[in-house]
């Protein structure tokens with residue numbers, strides 16, 4: 001990394017046709033009611049979870065990190081994969097701690113399918129009374145940031161994070177829409 005590049009600035013150096021194994025895809029052939037066949041590419045993934053984390057003074061804890069798809073630094077809700085054998089609540093608590101160092105009273109509040117050609121569920125949890133409690137995981141590249149609930153709503157409305165729908169579900173659960 002050169003002195004002139006920021007820590008969160010990524011530079012695209014190559015692109016190749018995928019999938020590369022990180023996001024496995026299978027093609028499923030279905031027989032339709034009229035007897036014809038149709039192929040569908042299906043994305044195979046484990047479930048994921050994000051956390052709407054509120055501090056004791058009602059600030060939202062987000063993670064500022066580079067996202068390769070949009071090619072931009074975004075303020076995201078902390079989250080990640082639910083490991084095999086792990087509950088969604090345990091994964092939410094783990095991801096919140098690893099990415100931000102915060103912990104609080106956690107509740108899983110909603111879920112939805114990833115999208116129509118996927119096998120995974122996307123979950124959202126709410127953590128209340130969050131405060132710094134543990135060291136962040138050393139491999140995490142993002143940095144925690146605190147924003148007001150209004151600031152979080154603004155980010156949702158502007159589409160400035162990747163889990164907008166789950167953010168709205170969490171705010172709805174809290175009666176904060």
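Of the conditions (1) closer than 22 Å to residue 159 by Cα; (2) at pLDDT 95 or above, residue 73 clears all except one; give me its number.
Condition (2) is where residue 73 drops out.
Looking at 175, 159 in this structure, which one is under 21 Å from residue 113 (Cα atoms), without any contact (Cβ under 8 Å) to a residue 12 or more places away in the chain and out of contact with any strand residue (DSSP E or B) (no Cβ under 8 Å at 6 or more places or on another chain)?
That would be 159, the only listed residue that is under 21 Å from residue 113 (Cα atoms), without any contact (Cβ under 8 Å) to a residue 12 or more places away in the chain and out of contact with any strand residue (DSSP E or B) (no Cβ under 8 Å at 6 or more places or on another chain).
Being more than 30 Å from residue 99 (Cα to Cα), assigned to a strand (DSSP E or B) and modelled with pLDDT of 75 or more is the requirement here; does residue 41 meet it?
yes
The values are calculated or read from the model by the stated rules, or taken from the named source; none is laboratory data. Just so we're clear, the structure is a prediction, and the values are computed from it rather than from any experiment. FYI the Cβ positions are ideal-geometry reconstructions off the backbone, even for glycines, and counts take in every protein chain you see.
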